[in-house]
Each structure stands twice: as structure tokens, then as C-alpha cells.
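Working notes, structure below.
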Amino acid sequence: MSIQFPLPFEKVSTKKVSEFIKEQLEEAIILKEFMSEDQLPSERELAEIFNASRITVREALAALEAKGLIEKRVGAKGGTFILPVTAHAHKRTREEIKRDWDQMQKVFEYRSIVEPESAFLAAERITAGDLQLLQSYLEQSLEPDCTREWFRALDVKFHLTIAKASGNPYCEAAVRKIRTKINPALDLMPYDENVRSANCGEHQEILEALKARDKYQSRAVMERHISFAAEAIYARVVAGD
């Protein structure tokens, strides 16, 4: 029996090694695993970490610098430093998100499937340590001196912790992928006491459902939370302030 082509094979990629390095570092920055003013390892150390040449690493860093994510500094305290993502988001994302809103809607559609089900699983599997982490993130978000950048980082940590607590590595990987897509849009959102209070209130509802081991409530409040986020991003970025 002959096979009917074309099958949905992917074409061979000619992506350079520097692009792979750039993507991994960019994901860590967008997910706020590197924070503003953190210093990256030296080119030599990064070359060892990625098993690549220093020239390749230099190309990756140049691409990140062009996107406003890092800054090279000279002098006795020089090096490569992470720039505050939320402060520079407007330089590269608002028009991109508006232009690609159809794709962003698909990401939110995917998120509406993955994250509520991750919360559903986490309600049964979450550990006491995970619950303590979530409580800590929430409390830090409510502190008067919580900066915009740290608030956004705590939001990412809150959601990734729930995904990990699902006990399913595919859920965790999916949420990481989702966050790399939506974080630039979330970084464009306003930051004031009302925004912070509303977000923390929703996170508190999620946390209480998880503490109660109520998987149906955990799923429901997560669905409501991410639906609100999608609507707020649309109103802010696409429809206008």
C-alpha cells in the first residue's frame, strides 16, 4: 500500500546554535528566573554551560541585547546584566501583540485548557511545601514595597508552582511554554494598588481551593482567573487603554 503524501512532516531547520542559546536565555528572562540586575555568567562560563564556542555565545548575547533584555557594562564591575523586563516591554511588544492577536488568542485558548486542569490535578497532589511556597508568594505580592518587576515575577512563580504540583511534567512544560508567550503581554499591564489587590484576591481564591483539596473549585477559580487576564490584556493592548 502506497503512502499518500504530503504527511505533516516538519522541514529540516537550519537554526543556528546561537539561536538555541538565545531562546533558552530569553525564556529564563521572560519567566523571570533571571531578575533585573542579575549578572549573567561570563562568555567563557556560558560557552562551557552550552558546550558552544564563545563566538556563538557572543552572537546569542548580541541578539538579547538588541531586544532590550540585557545590557553589557564595562569597568571594574562590568559584565552582562539583566534589564527590567516590565520597564522595557513597551519597546518591543505592544505593536507585535496587536499585530499577532489571533495567535495570542490561540495561546489563551490553550491556556484555558491546560492551567485549570493543572489546578484540578494539583488539588489532589500538592504538598504542604508547595502550599507554603504559594502562601509566601502571595504574602510577598501584598507587601507595600513590592515592585512592579517583583510582582510580575511572583505571579509567574505562583502559576508555575501549581503546574509543577500537578505531578505531570507535560502540564508543567506546557505552562512554561504558555508563560513565555503571554508574559510580554502581561508585562504591559498597569501596576497599581487596584491591580495588585484584584490579582492577589484571585490568587488567594485559588490557594484556598488548593488547601481545601477541592479539585473542582480549584479548576473553576483558575478558569475565571485566566479568563479575566485575557480580557484585561485585550482591553489594554488591543482595544486601547
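Quick notes
- Filtering segment 28-37 to residues that are on the phi < 0 side of the Ramachandran plot and either in the same structural domain as Arg179 (by the TED database) or open to solvent by 50 Å² or more (accessible area, probe 1.4 Å) (or both) leaves Glu33, Phe34.
- Between Glu139, Glu115, the distinction of being in contact with a helix residue (DSSP H, G or I) (Cβ under 6 Å, 6 or more places away or on another chain), within 23 Å of Glu208 (Cβ to Cβ) and modelled with pLDDT of 95 or more belongs to Glu115 only.
- Residue within segment 96-110 that is open to solvent by less than 70 Å² (accessible area, probe 1.4 Å) and part of a loop (DSSP other than H, G, I, E, B) present: no
The rows are residues; the columns are (1) at positive phi; (2) at pLDDT 90 or above; (3) among the aliphatic types (A, V, I, L, M); (4) in the same structural domain as Arg152 (by the TED database).
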position: Gln39; (1), (2), (3), (4): no, yes, no, no
position: Arg54; (1), (2), (3), (4): no, yes, no, no
position: Ala62; (1), (2), (3), (4): no, yes, yes, no
position: Leu69; (1), (2), (3), (4): no, no, yes, no
position: His88; (1), (2), (3), (4): no, no, no, no
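- Flag if Ile49 is out of contact with any Cys (no Cβ under 8 Å at 6 or more places or on another chain), of a type in the set (Val, Ile, Thr), at pLDDT 90 or above and open to solvent by 100 Å² or more (accessible area, probe 1.4 Å): yes
- Just one of the listed residues (Arg152, Arg176) is out of contact with any Ser or Thr (no Cβ under 7 Å at 6 or more places or on another chain) and under 25 Å from Lys106 (Cβ atoms), namely Arg176.
The values are calculated or read from the model by the stated rules, or taken from the named source; none is laboratory data. Predicted model, so just to flag it, every value in this text is computed and none were measured. Glycine also receives a Cβ, built like all others from the backbone with ideal geometry; neighbour counts cover every protein chain displayed. With ligands, DNA and RNA removed, areas are computed over all heavy atoms of the protein, side chains included. Shrake-Rupley method; radii C 1.70, N 1.55, O 1.52, S 1.80 Å.
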